[in-house]
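The values are calculated or read from the model by the stated rules, or taken from the named source; none is laboratory data. Treat the numbers as computed from the prediction; the structure is a model and nothing was measured. With ideal geometry, Cβ positions are generated from the backbone for all residues, glycine too; neighbour counts draw on all protein chains shown.
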Amino acid sequence: MTAWQDRSQVRAAYLNPALVTALVAAACQGYNTTRSQAMGWPLAFIAAPLVLHRPTRDRLPQTTATRLTTWIGRNAALQAGFPARAKALAPTVREGLRFGLRHRVLTLGPDGLASAISVMLPGDAGVIADKARFVGRWLGRSGDIVTIFGLLGVEP
C-alpha cells in the first residue's frame, strides 16, 4: 500500500479507508436484507470496484430483478475491464476492511462480514453508499461467491 504522503490528493480523498469501510458496510446491509445473513467477505472485493468506478456505477441495473448474467451481457466492455479494476483496488479494499474491523464498523463472524452500524453519508458519498447497498442486495440474489467471481472474471 502506498504511504499516505505519497498518495495523490484525489486518491487519498476518494479511496480512503473510512470511505471504503462505509461502502462495504452499506453493501453488507443490502446483502443482509436479501439473504438474512452476513455477506461473504470476498464480496467486498466485488462491491467496491462496482460502485467506485463511475462508469460501472452509472450502468448498474435499476432493480435487483436484473440478473448479473443479463447485466454482463449488456455491459460486456465494463465486465472486460472489471478484473483489472478489482485487482487494482484490492489493496485499498483490504485497507478499508482492516480499518472497519479495527473501528468496529464491520464485524467478521463465522457467516461472514456484517455491518455494525447504519451507513448514512452526505452528498456524492451518500449516492455511492446507496449504490453499494443496492449492490449488496443484488449480489445476494446472484448466487454463490464462486459463481459471482467467475461471471465477473476474477479469482477469489
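As for the range 86-94, it holds no residue that is in a loop (DSSP other than H, G, I, E, B), closer than 28 Å to ASN16 by Cβ and polar (S, T, N, Q).
For the residues ALA84, ALA116, the requirement of being within 14 Å of TYR31 (Cα to Cα), exposed (fewer than 15 other Cβ atoms within 10 Å of the Cβ) and not basic (Lys, Arg) singles out ALA116. Return the residue satisfying two criteria in turn: it lies in the range 100-116 and is in contact with a helix residue (DSSP H, G or I) (Cβ under 7 Å, 6 or more places away or on another chain) and outside any loop (DSSP other than H, G, I, E, B), and of such residues it is farthest from THR56 (Cα to Cα). Checked the range 100-116; the qualifying residue farthest from THR56 (Cα to Cα) is LEU108. Inclusion of ARG59 among residues that are over 29 Å from PRO110 (Cβ atoms) and either surrounded by 13 or more Cβ atoms within 10 Å (Cβ to Cβ) or in contact with a Phe, Trp or Tyr (Cβ under 9 Å, 6 or more places away or on another chain) (or both) is warranted.
Within the range 117-156, being in contact (Cβ under 8 Å) with a residue 60 or more places away in the chain and farther than 21 Å from LEU60 by Cα holds for ILE117, SER118, PRO156.
Among the numbered criteria (1) in contact (Cβ under 8 Å) with a residue 24 or more places away in the chain; (2) over 17 Å from LEU43 (Cα atoms), which single criterion is violated by GLY73? All conditions are met except number (1).
In the range 83-135, the residue that is nearest to the chain's Cα centre (by Cα) out of those that are hydroxyl-bearing (Ser, Thr, Tyr) and at pLDDT below 95 is THR92.
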